[in-house]
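*Asks:* This is the structure, below, for whatever I ask next.
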Amino acid sequence: MIQSMTGYGKTVLQLPTKKISIELKSLNSKNLDVSVRMPSYYREKELDVRKKIASKLIRGKIDFSIYIENNGGEVHSKVNENVVKEYMNQLKKIVDSNEIELLKMAVRLPDSLKTEREELDEEEWKQIEKTINETTDKIILYRKDEGKALLNDFELRIENIEKILDKIIEIDPQRIAQVRERLQKSISELETKIDQNRFEQELIYYIEKLDITEEKVRLKNHLDYFKKELNSDISNGKKLAFITQEMGREINTMGSKSNFAAMQNLVVQMKDELEKIKEQSLNVL
């Protein structure tokens with residue numbers, strides 16, 4: 001079943017001292033393009049996260065983010081006691097004030113607070129890793145739901161092309177008859193004698209050049225192949241895009257050979273349906 005490259009997933013992990021939100025967003029792209037945002041103390045796990053995303057999401061422009069919201073249980077900024085005391089001793093020499101006022105002035109000066117770097121907690125990371133897996137599953141489910149909508153649209157467009165192709169097959173004998181009639185009329189207007197046998201041979205040769213039997217057969221095969229790939233177990237947008245190109249080649253050839261207004265109109269309708277398929281196929285994983 002096909003999947004869309006567009007998707008979104010979010011999971012929240014509630015820990016005793018913090019709330020961790022994992023968010024994944026995906027858009028269409030020719031290749032895999034992963035952007036990762038996470039706190040610095042998780043950076044050593046970034047490569048593992050990228051590998052996990054690549055193995056599950058395969059393709060697309062993907063934004064991965066970890067957001068931390070502390071609950072106040074941990075304070076990573078602490079008073080630098082030695083520095084504050086030294087400031088206060090120096091301030092006593094300059095200003096005549098009590099200890100509280102000196103302290104207020106001291107804590108505003110540089111380096112009075114020190115920030116301790118939080119170290120990675122492996123047990124905490126195991127929980128985060130589980131949450132990442134849950135978020136990845138959510139975005140895959142989202143992609144599958146979007147894929148169902150794409151599938152319905154593809155099936156409609158393919159069905160429309162098949163109906164138009166049936167109309168082309170139906171009017172093809174009429175086209176050949178009209179081409180023959182038009183050529184014979186042009187010859188008669190020349191008011192000159194011709195070798196009728198030679199004329200018939202040339203006419204057959206010319207009409208054979210306009211024959212679209214191979215194009216009709218190949219287009220039908222491409223349409224069947226496209227439908228088969230739509231329902232395969234693996235979503236392969238690149239293969240669908242390739243089949244679409246082959247379909248376009250046959251439709252264009254039919255248009256160039258048609259030499260018949262009614263058929264050319266039908267070919268334009270097929271091209272319009274095919275363009276919609278091409279546009280949508282860019283979103284397929």
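Since every read-out is calculated from the coordinates, none of them should be taken as a lab result. Remember, predicted model here, so these are calculated numbers, not experimental data. So basically every Cβ, Gly included, is an ideal-geometry build from the backbone, and we count neighbours across all protein chains shown.
*Asks:* Name the helices (complete DSSP H segments) of the chain with a Cα length along the long axis of 27 Å or more and a Kyte-Doolittle mean of at least -1.0, or state none.
*Replies:* Values: long enough: 122-189 (93 Å, -0.86); 237-258 (31 Å, -0.60); 261-281 (30 Å, -0.60).
Answer set is 122-189, 237-258, 261-281.
*Asks:* Using Cα-Cα distances under 8 Å and only pairs 6 or more residues apart, what relative contact order does the chain have, in percent?
*Replies:* Numbers: 360 pairs, mean separation 74.8, N = 285.
Value for the chain: 26 percent.
*Asks:* Turning to a different aspect of this structure: Describe numerically, in nm with one decimal, the distance between label points set 7 Å from Cα along Cα→Cβ at Arg249 and at Gln184.
*Replies:* In this crude spin-label approximation the distance works out to 3.7 nm.
*Asks:* Would you please name the trypsin sites (Lys or Arg not before Pro) within region 8-113 that are DSSP coil residues with at most 14 other C-beta atoms within 10 Å of their C-beta? Show your work: numbers first, answer last.
*Replies:* Values: sites: Lys10, Lys18, Lys19, Lys25, Lys30, Arg37, Arg43, Lys45, Arg50, Lys51, Lys52, Lys56, Arg59, Lys61, Lys78, Lys85, Lys92, Lys93, Lys104, Arg108; in loops: Lys30, Arg59, Arg108.
When the trypsin sites (Lys or Arg not before Pro) of region 8-113 are filtered for loop state and at most 14 Cβ neighbours within 10 Å, Lys30, Arg108 remain.
*Asks:* Okay, next question. In whole Å, what are the extents of region 147-281 along the principal axes defined by its C-alpha atoms, from largest to smallest?
*Replies:* Principal-axis extents of the Cα atoms in region 147-281, largest first: 65, 20, 20 Å.
*Asks:* Hey, another quick one. State, to one decimal in nm, how far the label point of Lys30 lies from the label point of Lys126, with both points 7 Å from Cα in the Cβ direction.
*Replies:* It works out to 4.4 nm between the two label points.
*Asks:* What are the semi-axes of the equivalent ellipsoid of region 1-124, taken as the square roots of 5 times the eigenvalues of the Cα gyration tensor, listed largest first and rounded to whole Å? Present the calculation step by step, with values, prior to reporting the outcome.
*Replies:* Numbers: eigenvalues 462, 39, 30 Å².
In descending order, the three semi-axes are 48, 14, 12 Å.
*Asks:* Let me ask something else about it. Give the residue from Ala106, Tyr67, Gln269 lying farthest towards the positive end of the charge dipole for the chain; charges sit on Cβ (+1 for Lys and Arg, -1 for Asp and Glu) and the dipole is referred to the Cα centre.
*Replies:* Ala106
*Asks:* Tell me the label-point distance for the pair Ile234, Asn221, using the 7 Å Cα-to-Cβ offset, in nm and rounded to one decimal.
*Replies:* Placing both labels 7 Å beyond Cα along the Cβ direction yields 2.2 nm.
*Asks:* Work out from phi, with θ = phi - 60° and the Karplus expression 6.51 cos²θ - 1.76 cosθ + 1.60, the ³J(HN,Hα) of each residue of region 26-31, listed in order in whole Hz, and give x for Gly and Pro.
*Replies:* Working through the residues one at a time gives 9, 10, 6, 7, 5, 10 Hz.
*Asks:* Let's test this: bin the Cα-Cα distances of the chain at 5 Å from zero up to the farthest pair and state each bin's percent.
*Replies:* Pairs per bin, as whole percents: 1, 5, 9, 10, 8, 7, 7, 7, 6, 6, 5, 5, 4, 4, 3, 3, 3, 2, 2, 1, 1, 1, 1, 0, 0, 0.
*Asks:* Only four residue types carry charge here, +1 at the Cβ of Lys and Arg and -1 at the Cβ of Asp and Glu. Report the dipole size of the chain about the Cα centre in Debye, rounded to the nearest 20. Mind dumping the intermediate values first?
*Replies:* On the way: 50 positive and 52 negative charges, 48 e Å.
Result for the chain is approximately 240 debye, rounded to the nearest 20.
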